[in-house]
Amino acid sequence: LGVELVLDRDDKTPANDSAEAIMYWALEKGLNIKATMGNILNLAPPLIITRDEMDRALDIVDECIGEAERALL
């Protein structure tokens, strides 16, 4: 699963700094994700992941994206 982060949806300016920050914040919270091409977050869960584990992983990604949004304000 890839999530592309942009600063503006119209001009699609890559949000490279935000992607890197989100990657490290997620790691601090126990989730290992990778940022590729500067602004794409890659999530590659194992095939044996449980629904609870996936829900927790997505909660962490959501928290970190919220932190990045607040940092931009």
Rolling a 1.4 angstrom probe over the protein heavy atoms, how many square angstrom per residue are accessible across the chain? 73
Helix-only estimate, please: 222 nm mean residue ellipticity of the chain, summing -39500 (n - 2.57) across DSSP H runs of length 4 or more and dividing by its residues, to the nearest 500. -16000 deg cm²/dmol
Could you tell me what percent of the accessible area of the chain is made up of carbon and sulfur, with a 1.4 Å probe and every protein chain present? 53
Short version: ³J(HN,Hα) in whole Hz for each residue of segment 38-53, in order, from phi by Karplus 6.51 cos²θ - 1.76 cosθ + 1.60 (θ = phi - 60°), x for Gly and Pro, what are they? x, 10, 10, 8, 9, 10, 10, x, x, 5, 9, 5, 8, 4, 4, 5
What do you get for the angle between helix 16-28 and the principal long axis of the chain? Use alpha-carbon atoms, 0 to 90 degrees, nearest ten. 30
Using a Gaussian network model of the chain with C-alpha springs under 10 Å, which one of Ile60, Ile22, Ile49 is most mobile by mean-square fluctuation? Ile49
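The values are calculated or read from the model by the stated rules, or taken from the named source; none is laboratory data. Everything quoted here is computed from the prediction, not taken from an experiment. Calculation scope for accessible area: heavy atoms of the full protein, side chains included, ligands and nucleic acids excluded. Shrake-Rupley method; radii C 1.70, N 1.55, O 1.52, S 1.80 Å.
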